[in-house]
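> Pasting a structure below so you can have a look.
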Amino acid sequence: MEKQAVRGVIFDLDGTLVHITVDFRLMKRKLYEVFIEEGIPANLLDESETMSRSLARIRQYVIENGDAGDMERVGAAVTRSMNGTEMEGVSGTTAIEGALECLRSLQEKGIRLGLLTRGSRAYAEAALQNAGIDIPFNAMVCRDDHPEEEAKPNGKALERTMALME
């Protein structure tokens with residue numbers, strides 16, 4: 001079997017390159033408050049589900065029971081809420097031990113670097129800066145770069161990151 005050289009590595013952000021400063025429980029609680037304010041029935045809100053699964057179900061409900069304006073309004077409220085919660089603790093973000101050295105080592109070997117995160121672009125950039133990770137990535141794909149339903153963990157997000165790394 002022929003060996004194939006590694007040409008690129010795609011990293012996650014939170015818990016991989018930086019210590020997590022986002023309070024995800026608070027984010028979920030705030031989002032549920034937004035949903036109730038926007039008229040989403042409480043029986044659609046299941047705190048045991050992942051955020052991406054909840055968002056998909058609520059998106060489907062809005063599509064089936066509203067109009068394009070409703071989807072835009074709810075989507076904008078969700079984005080504001082998530083972005084606000086992410087940014088609350090970002091100034092305290094620190095690098096995972098060895099992350100910067102790992103990135104530098106890969107870059108020195110000519111390996112392309114990608115970052116794929118469910119965080120917003122503003123959060124990702126601020127987190128990297130506050131953590132002192134100043135290595136430029138060849139590609140970065142964040143939650144708000146494309147429609148929410150295409151964000152990580154959707155495979156389209158990974159495909160986009162790989163395409164940008166070529």
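> Sum up the charges of everything whose Cβ sits under 12 Å from the Cβ of Ala76, counting Lys and Arg as +1 and Asp and Glu as -1, but leave Ala76 out.
Residues near Ala76 contribute -3 overall.
> Under 5 Å between amide H atoms, partner at least 5 residues away or on a different chain: which partners does Arg112 have, H built in plane at 1.01 Å?
Gly8, Val9
> Output ³J(HN,Hα) for region 16-30: one whole-Hz value per residue in order, computed from phi by the Karplus curve 6.51 cos²θ - 1.76 cosθ + 1.60 with θ = phi - 60°, and x for Gly and Pro.
Couplings: 10, 9, 10, 5, 6, 10, 7, 8, 5, 5, 5, 4, 5, 4, 5 Hz.
> For q values of 0.15, 0.19, 0.26, 0.29 Å⁻¹, compute log₁₀ I(q)/I(0) with the Debye formula on a Cα-only model of region 13-55, without solvent.
Debye curve over Cα of region 13-55, log10 I(q)/I(0) at q = 0.15, 0.19, 0.26, 0.29 Å⁻¹: -0.44, -0.63, -0.93, -1.05.
> Additional query: Helix-only estimate, please: 222 nm mean residue ellipticity of the chain, summing -39500 (n - 2.57) across DSSP H runs of length 4 or more and dividing by its residues, to the nearest 500.
About -16000 deg cm²/dmol.
> Can you tell me which of 114-124, 22-32 comes out highest on packing, and rank the rest after it, using the mean Cβ neighbours within 10 Å?
114-124, 22-32
> Over the chain, with the other protein chains present, what is the accessible area per residue in square angstrom, probe 1.4 angstrom?
58
> Once the Cβ-Cβ distance between Ala42 and Asn154 is put in as r, and R0 is 35 Å, what FRET efficiency do you end up with, to the nearest 0.05?
Working: r = 27 Å, r/R0 = 0.76.
Taking R0 as 35 Å, the efficiency between Ala42 and Asn154 is 0.85.
> What's the angle, to the nearest 10 degrees (0 to 90), between helix 68-88's Cα axis and the longest principal axis of the chain?
So the inclination is approximately 50 degrees.
> Related question: Which percent of the accessible heavy-atom area of the chain goes to carbon and sulfur, probe 1.4 angstrom? Present the calculation step by step, with values, prior to reporting the outcome.
Numbers: 4890 of 9590 Å².
Its accessible area is 51 percent carbon and sulfur atoms.
> Tell me, in nm to one decimal, what length is gained between Val9 and Thr94 on full extension, where the rule is 0.36 nm per residue of separation less the Cα-Cα distance?
Working it through step by step, the gained length comes to 28.5 nm.
> If you plug each phi of region 146-163 into the Karplus form 6.51 cos²θ - 1.76 cosθ + 1.60 with θ = phi - 60°, what whole-Hz ³J(HN,Hα) values come out, in order, with x for Gly and Pro?
Whole-Hz 3J(HN,Hα) from phi for region 146-163: 9, x, 3, 5, 9, 6, 3, x, 4, x, 4, 5, 5, 4, 5, 4, 4, 4.
> Which ³J(HN,Hα) values, rounded to whole Hz and listed in residue order, are derived for region 44-53 from phi using the Karplus coefficients 6.51, -1.76 and 1.60 in 6.51 cos²θ - 1.76 cosθ + 1.60 with θ = phi - 60°, glycine and proline given as x?
Couplings: 8, 9, 10, 5, 7, 7, 5, 4, 5, 5 Hz.
> Something else now. Roughly what % antiparallel, to the nearest 5, for the DSSP beta bridges in the chain?
If we restrict to bridges inside the chain, about 10 percent are antiparallel.
> Non-local amide H neighbours of Val22 (under 5 Å, H modeled in plane, Pro and chain starts lacking H): which ones?
none
> Also: From the P(r) of the chain, can you give the percent of Cα pairs sitting at distances over 29 Å?
Percentage above 29 Å: 27.
The values are calculated or read from the model by the stated rules, or taken from the named source; none is laboratory data. Fair warning: this is a prediction, and the values are worked out from it, not measured in the lab. Positions of Cβ are generated from backbone atoms using ideal geometry, with glycine treated the same way; all protein chains shown enter the neighbour counts. Please note that ligands, DNA and RNA were not included when accessible areas were found on the heavy atoms of the full protein model with its side chains. Shrake-Rupley method; radii C 1.70, N 1.55, O 1.52, S 1.80 Å.
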